[in-house]
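Visitor: Got a structure here, written out as structure tokens. Questions coming.
The values are calculated or read from the model by the stated rules, or taken from the named source; none is laboratory data. Not measured: the values here are computed from a predicted model. Positions of Cβ are generated from backbone atoms using ideal geometry, with glycine treated the same way; all protein chains shown enter the neighbour counts. Just so you know, the surface numbers come from the protein's heavy atoms only, side chains and all, with ligands and any DNA or RNA stripped out. Shrake-Rupley method; radii C 1.70, N 1.55, O 1.52, S 1.80 Å.
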Amino acid sequence: MTDKEGIRREVPTDLDRFVRGLPKSELHIHIEGTLEAQMMFDLARRNGVALPYGSIEEVEAAYAFADLQSFLDIYYQAAAVLQKEADFADLMSAYLARAAADGVRHAEVFFDPQTHTDRGIDIGTVIRGFVSAQEDAAPDITSTLILCFLRHLPAAAAVETLDAARPHLEHVQGVGLDSGEKGNPPELFAEPYRMAVEAGLIPVAHAGEEGPPGYIRSALDVLGVRRIDHGVRAWEDPELVDRLARERVALTVCPLSNQRLQVFPDLGLHPLKRFMDAGILVTVNSDDPAYFGGYVGDNYLAIAEALGLTRTDLVQLARNSIDASFLPDGRKVALQDEITAYVSSYPASP
Ligand code: ADE
Ligand code: ZN
């Protein structure tokens, strides 16, 4: 659907046009996962970094993932091309431009400070780069940062990361937990989360992507999150599904990621519609679009096709993405009104 510069070349279908014009927010996007192969080569040349690939075709061939870890190994290696403030700014600008073209009005963007600070890059360099691009892109698309702790590293390293970020927290709205899930349960991070919340950050956490439903429970009960990233393995636990609906816990679901990381290799078996029918506040997002074959609009379209979603379902998903965001109530109402106006002015299907 998109070429290597991320530009769509096909004639859009009616549903494609509808989805890309639909106002929405994106709540599960790793900025390091928006590093397109072309930008990886450009930054590698600019910064004199050697890459294990000779061409875009070799990169694409490497992106055949067996599971989350096989993806993470490649993803952390690629981040080595990001070195200077301008690199982080370029990465963020490119993402925000693509998201805006998909109807995204607001994005809550994960970043992994440890991926950069462990290579000797100052966290201030990272955050200043992002913020300059975010300021340039507003008000067409607003955005905020969610600082993630890498869960394959110890909780003490998460505490150090939070401390290093303290001078920059005016630019950070949330705290998250990502990286290899199996064997790294949320409760290990109780202390850094307690400190992050005390510092004013809103907690979210990846849970129930590859890890068991019990990890979703401990993210809720121990870390105090009200929004779960992925959460798809909740479908194995009907009582947990009821709880998520009853407590209005949001799920930030990423269909193409789930497919490419073999969580649901057949998207037709994805539980997203069952979650919607159970009354859960489900949202659709892109996770790491440069690696998984599509930005947020592509994710809406792929899951719509796989599950036979209607326009009404897609509008509900967009409305959920506004409700589940960290935005203040006034902006939520304004964006919901924009959705209403868009839907009522959009021509009916032929
Ligand atoms: N970091 C980037 N993408 C991730 C994912 N899908 N799960 C966990 N950590 C990640
Ligand atoms: Zn993720």
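Visitor: For the peptides 326-339, 88-101, what is the packing order when you average, over each peptide's residues, the other Cβ atoms within 10 Å and list the highest mean first? Walk me through the intermediate numbers first.
Guide: Working: 326-339: 14.6, 88-101: 21.1.
Packing proxy ranking, top to bottom: 88-101, 326-339.
Visitor: So what does THR13 come to for accessible area, using a 1.4 Å probe and Å² rounded to 10?
Guide: 80 Å²
Visitor: Hey, got the dipole for the stretch 84-209? About the Cα centre, +1 on K and R Cβ, -1 on D and E Cβ, debye to the nearest 20? Walk me through the intermediate numbers first.
Guide: Working: 9 positive and 20 negative charges, 17 e Å.
Its charge dipole is roughly 80 debye.
Visitor: In square angstrom, rounded to the nearest 10, how much accessible surface does ARG217 have for a 1.4 Å probe?
Guide: About 60 Å², ignoring ligands and nucleic acids.
Visitor: Given only helices, namely DSSP H runs of n ≥ 4 each adding -39500 (n - 2.57), what is the per-residue ellipticity at 222 nm of the chain, to the nearest 500 deg cm²/dmol? It would help to have the intermediate numbers written out before the result.
Guide: Numbers: 17 runs with 170 residues, N = 350.
One gets -14500 deg cm²/dmol as the mean residue ellipticity at 222 nm.
Visitor: Still on this structure: Set the Förster radius R0 to 25 Å, insert the Cβ-Cβ distance between ILE56 and ASP118 as r into 1/(1 + (r/R0)^6), and round the FRET efficiency to 0.05. Display every interim value, and only then the final one.
Guide: On the way: r = 28 Å, r/R0 = 1.10.
That gives a FRET efficiency of 0.35.
Visitor: Determine the dipole magnitude for the chain: charges of +1 sit on the beta-carbon of Lys and Arg, -1 on that of Asp and Glu, nothing else is charged, the reference point is the Cα centre, and the result goes in debye to the nearest 20. Each step should come with its number before you reach the end.
Guide: Numbers: 31 positive and 53 negative charges, 125 e Å.
My answer is approximately 600 debye.
Visitor: If you roll a 1.4 Å probe over the heavy atoms of the protein chains, what accessible area per residue do you get for the chain, in Å²?
Guide: 39 Å²
Visitor: Moving to a separate point now. Report the full-extension gain for the segment ALA138 to GLU236: residue separation times 0.36 nm, less the Cα-Cα distance, to one decimal in nm.
Guide: Numbers: separation 98, 0.36 × 98 = 35.28 nm, distance 4.05 nm.
So the chain would gain 31.2 nm between ALA138 and GLU236.
Visitor: Taking 25 Å as R0, compute the FRET efficiency from the Cβ-Cβ separation of ASP329 and HIS171 and round it to 0.05.
Guide: With a Förster radius of 25 Å, E is 0.70.
Visitor: Using alpha-carbon pairs under 8 Å, 6+ residues apart, how would you state the relative contact order of the stretch 133-290 in percent?
Guide: Answer for the stretch 133-290 is 16 percent.
Visitor: Moving on. To the nearest 0.05, what FRET efficiency results for GLN262 and GLU305 with a Förster distance of 22 Å applied to their C-beta separation?
Guide: Values: r = 19 Å, r/R0 = 0.88.
Once rounded, the FRET efficiency stands at 0.70.
Visitor: Turning to a different aspect of this structure: Just to make sure I understand: if all protein chains stay in place, what is the order of HIS106, HIS171 by accessible area at 1.4 Å, largest first?
Guide: Values: HIS106 10, HIS171 65 Å².
I get HIS171, HIS106, largest accessible area first.
Visitor: Leaving ligands, DNA and RNA out of it, report the carbon-plus-sulfur percent of the accessible area of the chain at a 1.4 Å probe.
Guide: On the way: 7160 of 13540 Å².
Taking all protein chains in place, the chain shows 53 percent carbon and sulfur surface.
Visitor: Further question on the same structure: Would you work out the relative contact order for the chain, in percent, from Cα pairs under 8 angstrom that are 6 or more residues apart?
Guide: Working: 587 pairs, mean separation 68.8, N = 350.
Relative contact order, the chain: 20 percent.
Visitor: Could you rank the peptides 135-141, 31-37 by their average count of other C-beta atoms within 10 Å per residue, with the highest value first? Numbers along the way, then the final one.
Guide: Details: 135-141: 12.9, 31-37: 23.0.
By packing density, highest mean first, the sequence is 31-37, 135-141.
Visitor: Note down the magnitude of the dipole of the stretch 298-350 about its Cα centre, charges +1 on Lys and Arg C-beta and -1 on Asp and Glu C-beta and zero elsewhere, to the nearest 20 debye. Intermediate results must be reported in sequence, preceding the final value.
Guide: Details: 4 positive and 7 negative charges, 17 e Å.
Charge dipole of the stretch 298-350: 80 debye, to the nearest 20.
Visitor: Take the alpha carbon atoms of the stretch 170-220, find their center, do the same for the stretch 48-65, and report the distance between the two centers in whole angstrom.
Guide: Between the Cα centres of the stretch 170-220 and the stretch 48-65 lies a distance of 31 Å.
Visitor: Lys and Arg at +1, Asp and Glu at -1: add these up for the other residues within a Cβ distance under 9 Å of TYR76 and post the number.
Guide: Numbers: positive: none; negative: GLU32, ASP73, ASP112.
Net charge in that neighbourhood comes out at -3.
Visitor: Lysine pairs in the chain with Cα distance under 30 Å, only those 8 or more apart or on different chains: how many are there?
Guide: Values: LYS4/LYS24; LYS4/LYS84; LYS24/LYS273; LYS24/LYS332; LYS182/LYS273; LYS273/LYS332.
Lysine pairs satisfying the spacing and distance rule in the chain number 6.
Visitor: Between the stretch 114-135 and the stretch 286-313, what's the alpha-carbon centroid distance in Å?
Guide: One Cα centre to the other: 29 Å.
Visitor: Another question, then. For LYS182, what accessible area in Å² do you get when you roll a 1.4 Å probe over the heavy atoms of the protein chains, rounding to the nearest 10?
Guide: LYS182 has an accessible surface of roughly 140 Å² with all protein chains in place.
Visitor: Report the dimensions of the chain along its three principal axes from the alpha-carbon atoms, largest first, rounded to Å.
Guide: So the extents along the principal axes, rounded to whole Å, are 55, 45, 40.
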